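Visitor: My structure is below; once you've seen it, I'll send some questions.
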Amino acid sequence: MDAIALHRQSIVIDAHCDTLLSVVSGRRSLLERSDEGHIDLPRLQEAGVTAQIFALFVPDPYASYAATQYALRTLDHLYTAIGESDGRLTLARTASDIEDAHQAGRVAAIVGMEGAEPLDGSIELLHVFHRLGLRLLGLTWNRRNAAADGLDFVRTGGGLTPFGVKLVEEAGKIGVVVDVAHLAPRGVQDVLEISARPVVASHANARALCDPPRNLTDEQLQAIARSGGVVGATFVPAFIAEDPEQATLERLLDHIDHMVQVMGPDHVALGSDFDGFSAPPPRGLSSVVDLPKITAGLITRGYPPEDVQKIIGGNWLRVFRQVWPKT
């Protein structure tokens with residue numbers, strides 16, 4: 001089957017970008033095409049992206065004293081862009097919203113959170129952000145927070161706090177997907193033991209092929225698959241190749257191949273982390289407009305069309321249907 005035709009007819013979902021950091025700082029607009037960064041609405045449309053998860057990430061020093069305010073300001077910028085997009089960008093609160101966007105040729109924006117600092121140790125604030133559209137919650141970045149330890153604190157044991165346990169349980173009840181990207185290994189294990197819902201890693205690769213601790217071991221990949229979850233292959237050069245200058249589209253496809261072999265094709269997807277790294281992107285993946293090359297690469301490697309469609313978006317949609325509210 002023609003790869004471009006397959007890509008255009010498929011639901012395409014990227015589970016992580018940090019583009020809103022540039023938007024909230026005023027460096028560029030989400031609605032205008034830019035030569036800077038990796039993602040904006042015109043390039044998402046050109047790439048045939050159906051849905052993009054935009055992370056609410058709070059950088060230092062705001063994380064220690066104004067995290068909730070910063071996250072709400074970031075969310076306001078996203079809402080403003082949606083309102084000024086002439087219908088090209090829409091907010092997805094349900095899986096049906098993503099399917100509707102695909103039919104209408106729109107891009108669905110999904111609200112994610114990278115690090116629970118904006119929740120300020122409060123389950124009530126989880127409810128508030130959920131009402132504002134939060135649908136994917138990464139418990140940590142690399143730091144320690146009220147919920148858990150990120151990878152920078154692996155020597156402390158790295159597990160979930162009592163608040164983190166409550167957060168995982170409540171997220172499952174109200175329909176927020178829990179994301180273990182950046183969690184220390186003990187925290188990943190805790191989430192997998194506690195969660196009654198599929199567990200995901202929005203942006204990570206295979207540690208068997210590239211060894212930074214942000215990548216996942218085969219055992220972790222298999223445990224996520226057993227939960228019914230998904231891992232989004234990430235485009236961060238240092239997580240693709242030990243020498244980031246050697247990161248290429250083909251090496252990213254090697255990671256996808258390995259994860260499919262370990263987890264099965266129902267549990268591997270895309271989580272670019274575009275606009276979340278400063279290094280030159282992998283050769284062949286200069287920005288989001290190159291996503292169709294992944295579809296073409298999978299076809300070239302012999303994946304059947306139905307598995308390609310799962311990897312480029314269908315697997316995320318399945319998890320969202322299982323976890324998110326229906327209305």
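Visitor: If you take the residues in segment 162-176 that are of a type in the set (Val, Ile, Thr) and crowded, with 19+ Cβ neighbours inside 10 Å, which one is farthest from Thr217 (Cα to Cα)? Step through it out loud before you land on a result.
Guide: So in segment 162-176, the residues of a type in the set (Val, Ile, Thr) come out as 165, 168, 174, 176.
Going one step further and asking which of them are crowded, with 19+ Cβ neighbours inside 10 Å, we end up with 168, 176.
On the way: Val168: 22, Val176: 25 Å.
Once the filter is applied, the top-ranked residue is Val176.
Visitor: Those residues that are under 20 Å from His7 (Cβ atoms), in contact with a helix residue (DSSP H, G or I) (Cβ under 7 Å, 6 or more places away or on another chain), of a type outside the set (Ser, Thr, Tyr) and part of a helix (DSSP H, G or I), I need them from segment 260-300; list them, please.
Guide: Matches in segment 260-300: Pro265, Asp266, Val288, Val289, Pro292, Lys293, Ile294, Ala296, Gly297, Leu298, Ile299.
Visitor: Among the residues of segment 190-229, write down those that are crowded, with 17+ Cβ neighbours inside 10 Å, in a loop (DSSP other than H, G, I, E, B) and hydrophobic (A, V, I, L, M, F, W, C).
Guide: Ala204, Leu209, Cys210, listed by residue number.
Visitor: Output the residue which, of all residues in segment 157-189 that are assigned to a loop (DSSP other than H, G, I, E, B) and more than 20 Å from the chain's Cα centre (by Cα), is modelled with the highest pLDDT.
Guide: Thr161
Visitor: Mind telling me which of the residues Asp149, Asp179 ends up being touching a residue at least 60 places away in the same chain (Cβ under 8 Å) and either of a type in the set (Asp, Glu) or surrounded by 19 or more Cβ atoms within 10 Å (Cβ to Cβ) (or both)? Don't jump to the end; show me each part of the working.
Guide: On the way: Asp149 fails: touching a residue at least 60 places away in the same chain (Cβ under 8 Å).
It is Asp179.
Visitor: Follow-up. Scan segment 19-42 and report the pairs whose first residue is more than 18 Å from Phe57 (Cβ to Cβ) and whose second residue is of a type in the set (A, V, I, L, M, F, W, C) and surrounded by 19 or more Cβ atoms within 10 Å (Cβ to Cβ), with Cβ atoms within less than 6 Å and a gap of 6+ or a chain change.
Guide: Leu31/Leu41; Leu31/Ala81; Leu41/Leu30; Leu41/Leu89
The values are calculated or read from the model by the stated rules, or taken from the named source; none is laboratory data. Only a predicted model underlies this, so the values are computations on that prediction, with no experimental measurement involved. Here Cβ is always computed from backbone atoms with ideal geometry, including for glycine, and neighbour counts include all displayed protein chains.
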